[in-house]
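Asks: Sharing a structure, written as structure tokens. Questions coming.
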């Protein structure tokens, strides 16, 4: 027994030491010296207290090669997964469960488009040379260092990264903006199966000016007729399945999805320092690792503190001593779904093989039409009755997006920034920009198609009508934009903007409430802004939406109260300011009631699948207040039974269902309903779905403040309590151009994606608490905060 005990002890020690050695060899190297091929001179990489690399190089190509190397050692698995998603290759490592997602992305032709696009590019252009150097840095890391732990767990064989991968991922970025996949089938179903009177709560007028105005502006809308096109029950079943796959591709694999954003810029007349102040927080799905990789590049001719995405050497967010910018989603509709005659034999087709882990490859037939790829064949199951094609600006435009961001990374003047913005064709982006000279500006970048006057692109279009015709694209000068407005500030928060020439701006815009709240705060007279008092605006937990929704329903709520306690609770809701702190139970009651009202109203008409897809659209946010304000809406009736119901009855059903669910789920006491107990954030790793790997890779959970369509937009989907936050600010940045070297920022998790690394989750607690860290730009601050130095030598 004694010898056995000694043996077991030795075995345990051996396994522990072996496990420690195994994981340590996978950790990023942030000190010492490493040889790197094709460097012209040695490169110094200093890592600060958050693990952010400050890269000093003799040439820009050396800087990009070094960026690729250090980016890979922190984020190689993220790079691998996002290229596999974009190219429809997840099943090769994840198995059959991702097969439908692979079918969808093969159907979108992102990889095929990337190959075709590369043939038109000059390999000697500065942008392509920079991309080549960056990818070479990634590949040198992958060829010489230990594989990430996830590669071992999934059996991934490393293969080189290419420019096709980068451009495919750019297509995934564009796709994640394309709300049409989830919206147009739902609205078409409502029109064709229920009737146009059911569309009144969806604001489908053809917009030409903004949803909201600054204090000195006004707004109007124009309208256009709807087009009609009938689909079969089999088609609806397939389209609902396609919408679910579309959503699953972005959520279930814990890969970032773009959802919305805040950005604003203040001119020197509105700031304490007398120089512009830039704020930005793009709203993206939470994941591990986080979407942004921070890095500071310095050469004799170029400097930028940037926020980079996997496989892209050009920062999508950035600043230096001269200028800086943030972005939000334009959310213009640049994608049309088009119903073709039911003649599959007339379509072009080819087959591809999808590799599946543990199984034989699957053969997938891809169909094409004159309008674009056929998307509802992506399920690979029963052939739909009606082929549905996509016409998508991303596939139909020149779209030199790499060149655009290469230029924008260097755009220190209004003219340079405007020219760079005009090169972004898809996806639609709002670029909010400022420089130290005092200029502020915003451009809605993206090609806006000139559609036929008969087109109503919120619906699936009929290929046999003029509604599908395109007459080119509007010039960039017609896009919404402003430069140095007299009011002294610009706000971008995904609401419908105004076109200077009143062109139609079809799209799936977010509610105006978030933007209105920002404008309300930033337009305060005589208030001078700095990076300290701007934090409260960025972390804001209030908007007018809750009061706007509840106001017409209060009488119905009081009528449905069955006790004095319920009446008191409704009194509190009636007086509630619509704020979402973690210690209040009113946000919990309101959010659960919102879902129960949706369920009681829409489920009987739409059925389970279409109802779930409606909840994943942005249209539902704007529809709810319009529904609440209309006691005569046909939605209040029970479609299943044919019973004519009143709004009061449906509101009463939703209210009682709310109380019942919260009591059963959270407990009988109101304190148990506090927002922070019901609303939590747990950033998820792509492997977290496999137990017990969630315990190894995930971070959290954290009680989450904020909420849907607030400035602090920590949002979950429409469902019952408790709620897991799905997306929110992917970073928060504040830059005063009087002192850009003292910019502030935060990462939701950590800089590194390597488990057990000290920077894997070292910012998570600070993020949820609303804290900021300095983003070091000045040499003195970099030197003071350098924790280690890595030297890359030729």
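Asks: Tell me the helices (runs of 4 or more DSSP H) entirely within the range 316-425 that contain at least 3 residues that are surrounded by fewer than 19 Cβ atoms within 10 Å (Cβ to Cβ) and free of Cβ contacts under 8 Å to residues at least 60 places away in the same chain.
Replies: Values: elements: 393-396, 401-408, 414-421.
Filter on the range 316-425 gives 414-421.
Asks: Next question, about the same structure. From 621, 604, grab the single residue that is assigned to a helix (DSSP H, G or I), touching a strand residue (DSSP E or B) at 6+ places or on another chain (Cβ under 7 Å) and either within 14 Å of residue 190 (Cα to Cα) or in contact (Cβ under 8 Å) with a residue 40 or more places away in the chain (or both).
Replies: 604
Asks: Of all residues in the range 642-668 being in contact with a helix residue (DSSP H, G or I) (Cβ under 8 Å, 6 or more places away or on another chain), surrounded by fewer than 18 Cβ atoms within 10 Å (Cβ to Cβ) and in contact (Cβ under 8 Å) with a residue 24 or more places away in the chain, which is nearest to residue 570 (Cα to Cα)?
Replies: Among them, the one singled out is 656.
Asks: Which of the residues spanning the range 464-495 are in a loop (DSSP other than H, G, I, E, B), in contact with a strand residue (DSSP E or B) (Cβ under 7 Å, 6 or more places away or on another chain) and buried (at least 19 other Cβ atoms within 10 Å of the Cβ)?
Replies: Across the range 464-495, the qualifying residues are 479, 480, 493, 494.
Asks: Tell me whether the range 281-290 contains one or more residues that are surrounded by fewer than 24 Cβ atoms within 10 Å (Cβ to Cβ) and touching a helix residue (DSSP H, G or I) at 6+ places or on another chain (Cβ under 8 Å).
Replies: Checked the range 281-290: at least one residue is surrounded by fewer than 24 Cβ atoms within 10 Å (Cβ to Cβ) and touching a helix residue (DSSP H, G or I) at 6+ places or on another chain (Cβ under 8 Å).
Asks: If you don't mind, there's one more thing I want to ask. Of everything in the range 124-151 that's in a loop (DSSP other than H, G, I, E, B) and touching a residue at least 40 places away in the same chain (Cβ under 8 Å), which residue is nearest to residue 25 (Cα to Cα)? Give the steps one after another, and end with the answer.
Replies: Within the range 124-151, the first condition is being in a loop (DSSP other than H, G, I, E, B), and the residues that meet it are 124-125, 145-148.
Still in the list and also touching a residue at least 40 places away in the same chain (Cβ under 8 Å): 125, 145-148.
Details: 125: 37, 145: 8, 146: 6, 147: 9, 148: 9 Å.
Of everything passing the filter in the range 124-151, 146 is nearest to residue 25 (Cα to Cα).
Asks: Now for a different question. Specify which of the listed residues (752, 730) is closer than 30 Å to residue 141 by Cβ, modelled with pLDDT of 95 or more and touching a strand residue (DSSP E or B) at 6+ places or on another chain (Cβ under 9 Å). Quick ask: steps written out before the conclusion?
Replies: Working: 752 fails: touching a strand residue (DSSP E or B) at 6+ places or on another chain (Cβ under 9 Å).
Answer to the selection: 730.
Asks: Of the numbered conditions (1) touching a strand residue (DSSP E or B) at 6+ places or on another chain (Cβ under 6 Å); (2) crowded, with 24+ Cβ neighbours inside 10 Å; (3) in contact (Cβ under 8 Å) with a residue 60 or more places away in the chain; (4) closer than 21 Å to residue 540 by Cβ, residue 743 satisfies every one except a single condition; which is it?
Replies: Just one mismatch for residue 743, condition (2).
Asks: Now, a different point. Suppose the filter is crowded, with 18+ Cβ neighbours inside 10 Å and at pLDDT below 95; does residue 616 pass it?
Replies: It is true that residue 616 is crowded, with 18+ Cβ neighbours inside 10 Å and at pLDDT below 95.
Asks: Can I ask one more? Taking the range 649-668 as the region of interest, how many residues are outside any helix (DSSP H, G or I) and under 31 Å from the mean Cα position of the chain (by Cα)?
Replies: Going through the range 649-668 one residue at a time, the tally reaches 0.
Asks: Can you give me the number of residues within the range 574-591 that are touching a residue at least 40 places away in the same chain (Cβ under 8 Å) and over 15 Å from residue 554 (Cβ atoms)?
Replies: Residues meeting the conditions: 9.
Asks: Out of the range 568-580, which residues are farther than 24 Å from residue 513 by Cα and surrounded by 14 or more Cβ atoms within 10 Å (Cβ to Cβ)?
Replies: 569
Asks: Right, next: Kindly provide the set of residues from the range 669-684 that are in contact with a helix residue (DSSP H, G or I) (Cβ under 9 Å, 6 or more places away or on another chain), surrounded by fewer than 22 Cβ atoms within 10 Å (Cβ to Cβ) and assigned to a loop (DSSP other than H, G, I, E, B), ordered by number.
Replies: Listed by number, the residues that qualify are 674, 682.
Asks: Another question, if that's okay. Out of (1) within 14 Å of residue 553 (Cβ to Cβ); (2) part of a helix (DSSP H, G or I), what's the single condition that is false for residue 630?
Replies: Going through (1) within 14 Å of residue 553 (Cβ to Cβ); (2) part of a helix (DSSP H, G or I) one by one, residue 630 breaks only (2).
Asks: Report those helices (runs of 4 or more DSSP H) wholly inside the range 46-123 carrying at least 3 residues which are surrounded by 24 or more Cβ atoms within 10 Å (Cβ to Cβ).
Replies: In the range 46-123, 60-87, 99-108 are the helices (runs of 4 or more DSSP H) which contain 3 or more residues that are surrounded by 24 or more Cβ atoms within 10 Å (Cβ to Cβ).
Asks: Within the range 222-259, take every residue that is touching a strand residue (DSSP E or B) at 6+ places or on another chain (Cβ under 6 Å) and under 30 Å from residue 291 (Cα atoms) and give me the one that is modelled with the highest pLDDT.
Replies: 259
The values are calculated or read from the model by the stated rules, or taken from the named source; none is laboratory data. These numbers were taken from a predicted model, which means no experiment stands behind them. Cβ coordinates were reconstructed from backbone atoms using ideal geometry, including for glycine residues, and neighbour counts include every protein chain displayed.
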